[in-house]
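Trainee: Can you keep this structure in mind? I'll have questions shortly.
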Amino acid sequence: MSGDPQILPGTGRGTAARSSVVEGARPQPQRPVESPLNRPADGPPPRFGEDVKADFPGLVTAEGKPWHYLDTAATAQKPQAVIDATVRAMGVDYATVHRGVYARSAEMTLAFEAARRKVARFIGGEEHEIVFTRGATEAINLVAHSWGGSQLKPGDRILISTLEHHANIVPWQLLRERIGIAIDVCPLTADGRIDLEAAERMLTPAHKLVALAHVSNVLGSMLHVEHLVALARSVGAKVLIDGCQAVPRLPVDVAALDVDFYVFSAHKLYGPTGIGALWARAEILEAMPPWHGGGAMIDRVTFERTTYAPPPARFEAGTPAIVEAIGLAAAIDYVQQIGIGAIGAHELALAAQAREELRRLNSVRLFGPDESAGIVSFALEGVHPHDLGTILDEEGVAIRAGHHCAQPLMDHLGVAATARASFGIYSDESDIAALLRGIERTKRIFAK
Ligand SMILES: Cc1ncc(COP(=O)(O)O)c(C=O)c1O
């Protein structure tokens, strides 16, 4: 990253004196020292547990008690470094990008494009292959609309799976309504992983795309992407990976994985809402028509005819999410200080521990495989997940209860909803202990 302008640096550690959007670009007004959570730049990296928790101001209740936040799969809490970066970007550094002739706009443009470069390097792509979107949902809709709408024809098939998030189901159904493609659904193994042996049997040359989640947002099951890519390539299908739950937990290298499209959302990666990314191979993006029209995506406009900018600008109509891009870059810096490999291992261990302890309660049904990437879905016998969630809330424990935007998976599991505890960079054993205490209390309440 050494060639990049430093965008509002990383973890908050040692950031107090450095706050210009592009380091050294111009003198900055004196600003107050940032969060008291900041640590010295030359200090040791934070350790999982208390150290990391201290970086996240959201992890306390209104009464100042620890808040056991177990809903990171829905959206992650933000470290102070990301909050500070967005405050600066929205405050003293704020200006538009790409069009300004004044210095601040030029600096913001550099920072915005450096954020794109940072995202690209974080997932192993090239910067001109990163399209900023509002999130994973918009990224999949973009691919379905633009690539699917231009490259697929009636009778072509795509393969998704039983465990997909609605974001990776509905856009394909809209495309089916539009052009008459067929959608096949790959089943799961008994323990809740996408069954790649079944995929192998199902795939035919009529399949033009396989679109699957890298990590299930309900079961935490992980897809063996390399295996899938080999299967898809054998029939000539392209591969889209929904990396929403993987990017915050697993090292991702799109080039090594050899996929065609990869999408994720910043807010699950400790960054702001309202921004995410589509990565796609340059030659694929090049051949895709625009989907939204407006400013910034054009080459030349006349009333008779408009020509379009090359990618990624072609797919970024309108003023982009400038502040959010800066925040996303700060989130990547934060995550990289700890290391995505270490984060993944930490969450894997927490999920294994949680599953083991929940299993010991006897009254809990666990969903998904034992090897889970930090996401544990379960049901407490005789208690609706919403009731459990409400009682846990009284105990300062936040879980998710519902269908998790995966209703076909709920149908498959034979339940209307599950309770879900999902871990993050800041989770530790104290959160699991609080969850178990809350479940015991719920059992006592329902036993009366
Ligand atoms: C696996 C998966 N895909 C897609 C999405 C949609 O993400 P967003 O709502 O940020 O666009 C989510 C969000 O929960 C998810 O978990």
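Trainee: Check the chain and count each lysine pair with an alpha-carbon distance under 20 angstrom, considering only pairs eight or more places apart or from different chains.
Mentor: Lysine pair count for the chain: 10.
Trainee: Turning to a different aspect of this structure: Where does the stretch 111-336 land on Rg(C-alpha)/(2.2 N^0.38 Å)? List each step's numbers first, then the result.
Mentor: Values: Rg = 17.1 Å, N = 226, 2.2 N^0.38 = 17.3 Å.
Dividing the Cα radius of gyration by 2.2 N^0.38 Å gives 0.99.
Trainee: Once you place label points 7 Å from the Cα toward the Cβ at E371 and K448, how far apart are they in nm?
Mentor: For E371 paired with K448, the spin-label model returns 4.5 nm.
Trainee: Let me ask something else. If each residue of separation counts as 0.36 nm, what is the full-extension length gain between H166 and S105 once their alpha-carbon separation is subtracted?
Mentor: On the way: separation 61, 0.36 × 61 = 21.96 nm, distance 3.79 nm.
18.2 nm is the gain from fully extending H166 to S105.
Trainee: Which value in deg cm²/dmol, rounded to the nearest 500, describes the helix-derived mean residue ellipticity at 222 nm for the chain, given -39,500 (n - 2.57) per DSSP H run of n ≥ 4 and division by the residue count? Walk me through the numbers on the way to the answer.
Mentor: Details: 14 runs with 154 residues, N = 448.
That comes out to -10500 deg cm²/dmol.
Trainee: Mind telling me which of T162, T319, T302 comes out most flexible in a GNM of the chain, alpha-carbon contacts under 10 Å?
Mentor: Most flexible of the set in this elastic network: T302.
Trainee: Same structure again: With just the Cα atoms defining each centre, how far is the stretch 107-128 from the stretch 386-448? Give it in Å.
Mentor: 37 Å
Trainee: Given q = 0.07, 0.11 Å⁻¹, what are the Debye log10 I(q)/I(0) values for the chain, with equal point scatterers placed on the Cα positions and solvent ignored?
Mentor: Rounded to two decimals, the profile gives -0.37, -0.89.
Trainee: Extent of the stretch 213-333 along each principal axis, from alpha carbon coordinates, in Å, largest to smallest?
Mentor: Answer, in whole Å and largest first: 51, 38, 23 Å.
Trainee: Just flag the chymotrypsin sites (Phe, Trp or Tyr not before Pro) in the stretch 294-333 sitting in loop per DSSP whose Cβ has no more than 12 other Cβ atoms within 10 Å. Intermediate results must be reported in sequence, preceding the final value.
Mentor: Working: sites: F303, Y308, F315; in loops: F303.
Loop-located and lightly packed - F303.
Trainee: With only alpha-carbon atoms in the gyration tensor, what are the semi-axes of the equivalent ellipsoid for the stretch 251-304, in Å, largest first?
Mentor: Values: eigenvalues 153, 66, 9 Å².
That gives 28, 18, 7 Å for the three semi-axes.
Trainee: Between E357 and V92, what is 0.36 nm times their sequence separation minus the Cα-Cα distance? Round to one decimal in nm. Numbers along the way, then the final one.
Mentor: Working: separation 265, 0.36 × 265 = 95.40 nm, distance 4.89 nm.
Contour length minus Cα-Cα distance gives 90.5 nm.
Trainee: How about the stretch 259-307: which trypsin sites (Lys or Arg not before Pro) there lie in a loop by DSSP and see at most 10 other Cβ atoms within 10 Å? Let's see the in-between values first.
Mentor: Details: sites: K268, R281, R300, R305; in loops: R281, R305.
Hits after loop and neighbour filter: R305.
Trainee: Next question. Between D299 and I183, what length in nm is gained on full extension when 0.36 nm per residue of separation is reduced by their alpha carbon distance?
Mentor: Numbers: separation 116, 0.36 × 116 = 41.76 nm, distance 3.58 nm.
Here the answer is 38.2 nm.
Trainee: What's the longest uninterrupted piece of the chain once you rule out the GluC sites (Glu not before Pro) that are loop residues per DSSP with at most 13 other Cβ within 10 Å? Numbers along the way, then the final one.
Mentor: Values: sites that count: E63, E304, E381.
Free of exposed loop sites, the longest segment is 64-303.
All of the numbers you see were taken from the coordinates with simple rules; none came from a lab. Predicted model, so just to flag it, every value in this text is computed and none were measured. When we count neighbours, we look across all protein chains shown, and the Cβ atoms used for this are built from the backbone with ideal geometry, even at glycine.
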